[in-house]
Amino acid sequence: MRPLLSVTELKVHFPVRHGLVRAVDNVSLEVGSAETVGLVGESGCGKTTLGKAILRLVKPTAGSIRLAGTEIADMSRALLRPLRREMQMIFQDPQASLNPRQTVASIIEEPMIVHNIGTRTERREKVAWLMAKVGMRPDASGRYPHEFSGGQRQRIGIARALALNPKLIVCDEPVSALDVSVRAQVINLLEDLKREFELSYLFISHDLSVVEHVSDRIAVMYLGRIVETAEGSSLWKRPLHPYTQALISAVPVPDPTAVSRRVVLQGDLPSPLNPPTGCRFHTRCPYATELCRQSEPQLRRVDAAHQMACHYLPDERHTN
Amino acid sequence: MQGLKEFLRRFVRNWPAVGGFALLMIVLVMALAAPALYPGSPWDLVAQPFLWPGADAQFRLGSDMMGRDLGAGLFHGARVSLLIGFVATLVAVLAGIAIGALAGYYGGWVDDVLMRLTEMFQTIPPFIFAIVLVAIFQPTVATIVLAIGAVSWPAVARLVRGEVMALRNREFVQACIAIGMNDARIIFRHILPNTLAPVIVTGSLMVATAILTEAGLAFLGLGDPNVMSWGTIIGAGRDVLRTAWYVTAIPGVAILLTVLGINLVGEGLNDALNPRLRQK
């Protein structure tokens, strides 16, 4: 079956004064119909840039983005406009992603106005229906974003993203800015909506436990590259790449008797301006060898649903 | 609407702003009442020359060296000052918004070209530039308005450009792009309304500058010869400053109070529209 979204060898480079920031470098990724793909990585690894490039909010430098088979990476903005109904975005900061001068009803209605969908009455009905779907009271429609809490604002953003009946929604850290107490509510809402509307999500987060909870498949990103992809549960149980292992070992386990085998990474994320030669992770990898310093490993298939980019399988590695 | 009520509440609590508003209203009433109170032309020679204020009950504010009624000049001058002040500011604000919004939104070479143009206008001292423009074209109300507008828009353009650049990268504008809005809708419906507060404040203060510039031009004899402006009266009174200082002082005080009123209103708008700044 053809995937809904297929990204192939995508590059997003930003020229800066002293060179080129390779925010996304040769990333390939697929999102199937009604599938949730989680994308995890540290701040600055390029995951948000990848999400924005898929929606063409930043311009891809090279590579291909196919949405339901249509190549959109180099499509003009005018041609792209009708396709935007198929893909929407939920932003990290619900405060910044809503126009402070628009009422809730106007925010949710506007996508339909822009795409000439329905009459005024039909749109108003749809707004009321969407507000009910995301769990907002109908009397909120005439109020402004600042009158709501973070969780409620994120519900407004979700309703706006749903207004065009998209197939794919890129969720860029949708709960990171929210209080822990409302995170679960918003995540459950996203999952309910996914089931009801058969949505596909590209779920971007630095929080592995959130991603693990919502995703069918997870891709781990490091410094502009994907280093491992697997089914959610198998990645969790059997991480293969040393970076993934370190990430998972950093997630607290709610069990006081659990034996901690914490892999602590040394140093910071290197600059994407001058990524390390060879394997980009070798500067922080406890198992790095001469081969890692010289040659860059490609993503390779370990089993049917598990791919990773390391020269060595776990039992072939030795701590330095 | 809630925002408007809140804004009015904050503005009314600010007594200097209310005082400034009252001054401005007095000048406005003078301007509106001028044709009724002084139906004749303010240029008409109606009284004996050098009538001191209060000397003649018919001409309470006295007359100048030609026997023109200073009261008529003051009231009709209010019309000219307010009209030119507000219309010139409107021209400058509209031009500044258009240029600033384009430069800030599109960036790149559009920004480079428009900002170099803006800098070109800014390098010339504004008053000298206005004199040159009015001297080249015939001094009429329209050319004076355009000249003042031409020297005042760069400040607005810079302000709007900065605001638009900051807003352009905000997530709600990214959301607009993701929705598929065209640039015009994004700029007019989403970006510009959010730049309005600082533009209103700057614009209100620019009215004061425009009134001063107009008075300066008229003082130098570059006013529209068909209208009586406060600057014109001061320019004429300059020759008799030592013997009949009231000819200069009366319109001078009028300019002072008008400009003061506008500045107080502008400050009040600033405080009411940016409440967070005020608390600092």
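The values are calculated or read from the model by the stated rules, or taken from the named source; none is laboratory data. These numbers were taken from a predicted model, which means no experiment stands behind them. Heads up, the Cβs are rebuilt from the backbone with ideal geometry, glycines too, and the neighbour counts pull from every protein chain shown. In case anyone asks, the SASA skips ligands and DNA or RNA and just uses the protein heavy atoms, side chains included. Shrake-Rupley method; radii C 1.70, N 1.55, O 1.52, S 1.80 Å.
If you go through the stretch B:138-157 one residue at a time, do you hit one that is away from chain A (no Cβ under 14 Å) and within 30 Å of residue A:76 (Cα to Cα)? Looking for residues that are away from chain A (no Cβ under 14 Å) and within 30 Å of residue A:76 (Cα to Cα), one finds at least one in the stretch B:138-157, hence yes.
For the stretch A:115-147, taking the residues that are within 14 Å of another protein chain (Cβ to nearest Cβ) and part of a loop (DSSP other than H, G, I, E, B), the one that is most open to solvent (accessible area, probe 1.4 Å) is identified as A:116. Among the residues of the stretch A:269-294, those identified as closer than 28 Å to residue A:231 by Cβ and assigned to a loop (DSSP other than H, G, I, E, B) are A:269, A:279, A:280, A:281, A:282, A:284, A:285, A:286, A:287, A:288.
Applying the condition of being hydrophobic (A, V, I, L, M, F, W, C) and assigned to a strand (DSSP E or B) to the stretch A:20-34 and asking which residue is farthest from the chain's Cα centre (by Cα) yields A:20.
For the stretch A:68-91, the candidate set comprises residues that are in a loop (DSSP other than H, G, I, E, B), more than 8 Å from every other protein chain (Cβ to nearest Cβ) and not β-branched (Val, Ile, Thr); within that set, the residue that is least open to solvent (accessible area, probe 1.4 Å) is A:73. Evaluate the following for residue A:188: is it within 14 Å of chain B (Cβ to nearest Cβ) and either over 21 Å from residue A:103 (Cβ atoms) or surrounded by fewer than 23 Cβ atoms within 10 Å (Cβ to Cβ) (or both)? Taking the combined requirement at face value, the residue does not satisfy it.
Just so you know, in the stretch A:160-184 the residues that are part of a helix (DSSP H, G or I) and out of contact with any Leu (no Cβ under 9 Å at 6 or more places or on another chain) include one that is surrounded by the most Cβ atoms within 10 Å (Cβ to Cβ), and it is A:161.
Picking from residues in the stretch A:53-67 that are outside any strand (DSSP E or B) and not polar (S, T, N, Q), the one that is nearest to residue A:7 (Cα to Cα) is A:54. Taking the conditions (1) closer than 19 Å to residue A:39 by Cα; (2) at pLDDT 95 or above in turn, residue A:161 satisfies each one other than (1).
With the condition kept exactly as written, say whether any residue in the stretch A:209-222 is in contact (Cβ under 8 Å) with a residue 24 or more places away in the chain, away from every other protein chain (no Cβ under 14 Å), part of a strand (DSSP E or B) and of a type in the set (S, T, N, Q). No, there is no match, as no residue in the stretch A:209-222 is in contact (Cβ under 8 Å) with a residue 24 or more places away in the chain, away from every other protein chain (no Cβ under 14 Å), part of a strand (DSSP E or B) and of a type in the set (S, T, N, Q). Of all the numbered requirements in (1) surrounded by 20 or more Cβ atoms within 10 Å (Cβ to Cβ); (2) in contact (Cβ under 8 Å) with a residue 12 or more places away in the chain, residue B:178 misses one, and that requirement is (2). Scanning the stretch A:285-320 for residues that are among the β-branched types (Val, Ile, Thr) and open to solvent by less than 80 Å² (accessible area, probe 1.4 Å) returns A:289, A:302. Report, by residue number, each residue of the stretch B:1-33 that is under 16 Å from residue B:86 (Cβ atoms) and either at pLDDT below 90 or loosely packed, with under 13 Cβ neighbours inside 10 Å (or both). Correct list: B:25, B:29.
When the residues of the stretch B:205-219 are filtered to those that are open to solvent by less than 20 Å² (accessible area, probe 1.4 Å) and either over 22 Å from residue B:258 (Cα atoms) or of a type in the set (A, V, I, L, M, F, W, C) (or both), the one that is farthest from the other protein chains (Cβ to nearest Cβ) is B:218. Filtered by the rule that a residue be under 20 Å from residue B:111 (Cα atoms), at the interface with chain A (Cβ under 10 Å from one of its Cβ atoms) and either open to solvent by less than 10 Å² (accessible area, probe 1.4 Å) or in a helix (DSSP H, G or I) (or both), the stretch B:158-173 gives B:167, B:173. Among the residues of the stretch B:93-100, some residue qualifies, meaning at least one is hydrophobic (A, V, I, L, M, F, W, C), in contact (Cβ under 8 Å) with a residue 40 or more places away in the chain, within 21 Å of residue B:213 (Cβ to Cβ) and surrounded by fewer than 21 Cβ atoms within 10 Å (Cβ to Cβ).
Of the numbered criteria (1) within 21 Å of residue B:97 (Cα to Cα); (2) within 14 Å of chain A (Cβ to nearest Cβ); (3) surrounded by 17 or more Cβ atoms within 10 Å (Cβ to Cβ), the one residue B:202 fails is (2). The listed residues are A:151, A:157, and the only one of them that is assigned to a helix (DSSP H, G or I) and within 10 Å of chain B (Cβ to nearest Cβ) turns out to be A:157. For the stretch A:97-114, the criterion of being open to solvent by 50 Å² or more (accessible area, probe 1.4 Å), within 14 Å of another protein chain (Cβ to nearest Cβ) and over 26 Å from the mean Cα position of the chain (by Cα) is met by at least one residue. Let me confirm something: among B:49, B:42, which residue is touching a His at 6+ places or on another chain (Cβ under 7 Å) and over 24 Å from residue B:262 (Cα atoms)? Result: B:42 is the single residue among B:49, B:42 that is touching a His at 6+ places or on another chain (Cβ under 7 Å) and over 24 Å from residue B:262 (Cα atoms).
Kindly indicate whether residue A:50 is assigned to a strand (DSSP E or B) and either away from every other protein chain (no Cβ under 14 Å) or in contact with a Lys or Arg (Cβ under 7 Å, 6 or more places away or on another chain) (or both). The answer is no for residue A:50.
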